[in-house]
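Participant: My questions all concern the structure below.
The values are calculated or read from the model by the stated rules, or taken from the named source; none is laboratory data. The structure presented is a predicted model; accordingly, all values stated were derived computationally and were not measured. Ideal geometry is used to build each Cβ from the backbone, glycine not excepted, and the neighbour counts take in all protein chains shown.
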Amino acid sequence: MRDRPAPKQRVLSTPATDALIERLTHKHGPLMFHQSGGCCDGSAPMCFPKGEFVVGAQDVLLGTIAGDVQVWIGAAQFAYWRHTQITIDVVPGRGAGMSLETPEGMRFLVRSRVFTDAESAELEAAGEPMHGGD
């Protein structure tokens, strides 16, 4: 019996993002991301030391990047983005004041693409992603 392939990943990262995550991990220890969908910088992915940002029961785990760095998103934001694959990228510039990349002169941002019908069906068949309360 063959194992079913894992569904399409909801979140990816670029090599530049992975390199910055590695530098930040050396400085701050294990990391996590959260995207709230709030105004201003809340709509950008925010990087924190793992556990510093308390994940709520409504938050959705999109997946992991750069090995084991969890990426969480608020439920209301996930409702809008559930049909897209997001890629966390990094560019020079001023990031969010609370996000760890800010002192590095970099900022994380999200790029996205819409899942194909087949990919969406795969994700739907896999079931709902984990929530913070699970």
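Participant: From the list 41, 18, pick out the single residue that is of a type in the set (D, E, K, R), modelled with pLDDT of 90 or more, surrounded by fewer than 19 Cβ atoms within 10 Å (Cβ to Cβ) and out of contact with any helix residue (DSSP H, G or I) (no Cβ under 6 Å at 6 or more places or on another chain).
Facilitator: 18
Participant: Looking at 79, 44, 75, 57 in this structure, which one is of a type outside the set (Val, Ile, Thr) and free of Cβ contacts under 8 Å to residues at least 12 places away in the same chain?
Facilitator: Checking each option against the conditions leaves just 79.
Participant: Please go through segment 118-127 and give me each residue that is exposed (fewer than 12 other Cβ atoms within 10 Å of the Cβ) and touching a residue at least 60 places away in the same chain (Cβ under 8 Å), ordered by number.
Facilitator: Of everything in segment 118-127, just one residue is exposed (fewer than 12 other Cβ atoms within 10 Å of the Cβ) and touching a residue at least 60 places away in the same chain (Cβ under 8 Å), namely 125.
Participant: Can we say residue 71 is farther than 14 Å from residue 31 by Cα and either charged (D, E, K, R) or part of a strand (DSSP E or B) (or both)?
Facilitator: So residue 71 does not fit the description; no.
Participant: Could you please find all residues in segment 83-105 being in a loop (DSSP other than H, G, I, E, B) and touching a residue at least 40 places away in the same chain (Cβ under 8 Å)?
Facilitator: 95, 96, 97, 98, 99, 100, 101
Participant: Additional query: Any idea which of 35, 70 is surrounded by 13 or more Cβ atoms within 10 Å (Cβ to Cβ) and out of contact with any helix residue (DSSP H, G or I) (no Cβ under 8 Å at 6 or more places or on another chain)?
Facilitator: So the residue among 35, 70 that is surrounded by 13 or more Cβ atoms within 10 Å (Cβ to Cβ) and out of contact with any helix residue (DSSP H, G or I) (no Cβ under 8 Å at 6 or more places or on another chain) is 70.
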